[in-house]
1. Kindly indicate the residue of the stretch 92-113 that is modelled with pLDDT under 95 and in contact with a strand residue (DSSP E or B) (Cβ under 9 Å, 6 or more places away or on another chain) and also farthest from the ligand (Cβ to nearest atom) among those meeting that condition.
2. Filter the stretch 386-401 for residues that are buried (at least 17 other Cβ atoms within 10 Å of the Cβ) and within 16 Å of the ligand (Cβ to nearest atom); which is farthest from residue 188 (Cα to Cα)?
3. When the residues of the stretch 255-264 are narrowed to those that are of a type in the set (A, V, I, L, M) and surrounded by fewer than 23 Cβ atoms within 10 Å (Cβ to Cβ), which ends up farthest from residue 212 (Cα to Cα)?
4. Among the residues of the stretch 48-58, are any modelled with pLDDT of 95 or more, under 20 Å from residue 278 (Cβ atoms) and buried (at least 17 other Cβ atoms within 10 Å of the Cβ)?
5. I'd like to check something: does the stretch 133-149 contain any residue that is assigned to a strand (DSSP E or B), hydrophobic (A, V, I, L, M, F, W, C), within 19 Å of residue 106 (Cβ to Cβ) and more than 16 Å from the ligand (Cβ to nearest atom)?
6. So which of 269, 252 is without any contact (Cβ under 8 Å) to a residue 40 or more places away in the chain and buried (at least 20 other Cβ atoms within 10 Å of the Cβ)?
7. Looking at residue 98 and the list (1) assigned to a helix (DSSP H, G or I); (2) within 22 Å of residue 237 (Cα to Cα), which single condition is not satisfied?
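The values are calculated or read from the model by the stated rules, or taken from the named source; none is laboratory data. Bear in mind the structure is a predicted one, so any value in this text is a computation, not a measurement. All Cβ positions, even for glycine, are placed from backbone atoms using ideal geometry, and neighbour counts span all protein chains on display.
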Amino acid sequence: MSKIYTNPETIGLHAGWRKDENTNSVAVPIHQTSSFLFDDCDHAANLFSLSEVGNIYSRIMNPTCAVLEDRIAALEGGVGSLAVASGQAASAIAIQNIAKNGDNIVASSHLYGGTYNQFKNSMSDMGIEVRFVDPADPQNFINATDDKTRAYYGEVLPNPSFEVFPISEVAELGRPLGIPLIVDNTAAPVICKPFDHGATIIIHSTTKFIGGHGTSIGGIIVDSGNFDWELFPDRQPALNTPDASYGGAIWTEAVKPLGPIAYILKARTTILRDMGAAMSPFNAFMFIQGLETLALRMREHCSNAEKVAQYLTNHDLVEKVIYPSVMEGYAKERADKYLTRGNGGLMGFEIKGGVEAGKKFINALEMVYHVANIGDSRSLAIHPASTTHSQLSPEELESTGVSPSFVRLSIGLEHIDDIIADYEQALSKI
Ligand code: PLP
């Protein structure tokens, strides 16, 4: 079908699917199957050699997951994507696909705590060094680069600092060196389009805004197709030298007839195959339901969050509100440049009275849920220093932007008067 639509509201409802060819079902079926029948031995051999495209086994591909993959690729403007079991699996696979023992990546220090732990501990145990730099100055990425640097990594709307990542600035520094920029766009689907600013790979935790209802864990990796891996054989050996794990395939050459999908096809057929962090078809179905209303929900999350930011800014017990539209200087300039459809549904604030006041506030909330999640339709709150970020040292807490009195809010879709009423009564108990 020709793409007569280009807007996220429509893409979320239509991209990648029209109807089931056998039953005319309009809703996407849940293909709850581990395996797919081969027509005969030649068919099976062709599928395994990638000379024919088709389903083999649900650890590597599944038709329900494929609809989600096509729809999110369309939403982000990419050429292909890969659904995986969680956001954590998405960041790990995105990196393992091009970096191995002895290599390094340079990452922003403004990261979700789980990503920071993955990079600092598990990646380092695998021999992949992650060099953390302050993204305030994009030049820091170059200063930390050497000939083993395989990627740059940042979070578009980083949780919890909420200072928007300098996407085009870092992408432009890396591109001539053959270094792609991988960004986590979990907190800013629809409101930021990282590929328009030169990012090469996007990952999402679909658990958050894309799912939208707090029901399922999932992740996705999206390939822009905009990076010429073949130009940089020394910098990107994983895609340019024979891959012993796939019959000696040189991915940039082998995949050429299928389009610029060497990166994402390799991720599916080697790392996902070997590590096994596949998304379940049932969860893919749940994320497809979420995508149908994603653009509408983001609009409402942003509108409610702007009002909460204003309310908190004017409250006597609030020291500081951390939200893109109330920032100043370079942080505000980056928010204005990159967040083109609203400033997001997440924010933080520092409460007068430190840790104890922060805990009292959370304990006093009646409607807002106290949970370790973001991007739900319901409003959520947490005190990161004693929960999500509790494994970090005081220095690490400071570099990721979490102070002891910092409270993180994920603003939901309830009526704004009801959201503010709950904060008002909770603040009155301090
Ligand atoms: N990236 C960001 C920005 C997140 O907030 C999270 C989880 O909170 C993740 C990645 C990890 O996602 P998941 O919990 O789906 O593994």
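1. The residue in question is 109.
2. Per the criteria, the residue is 392.
3. Filtering the stretch 255-264 for residues that are of a type in the set (A, V, I, L, M) and surrounded by fewer than 23 Cβ atoms within 10 Å (Cβ to Cβ), the one farthest from residue 212 (Cα to Cα) comes out as 255.
4. yes
5. yes
6. On inspection, the qualifying residue turns out to be 252.
7. With (1) assigned to a helix (DSSP H, G or I); (2) within 22 Å of residue 237 (Cα to Cα) applied to residue 98, the lone miss is (1).
Here is a yes/no grid of residues against (1) crowded, with 17+ Cβ neighbours inside 10 Å; (2) within 16 Å of the ligand (Cβ to nearest atom):
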{"residue": "199", "(1), (2)": "yes, yes"}
{"residue": "204", "(1), (2)": "yes, yes"}
{"residue": "228", "(1), (2)": "no, no"}
{"residue": "239", "(1), (2)": "yes, no"}
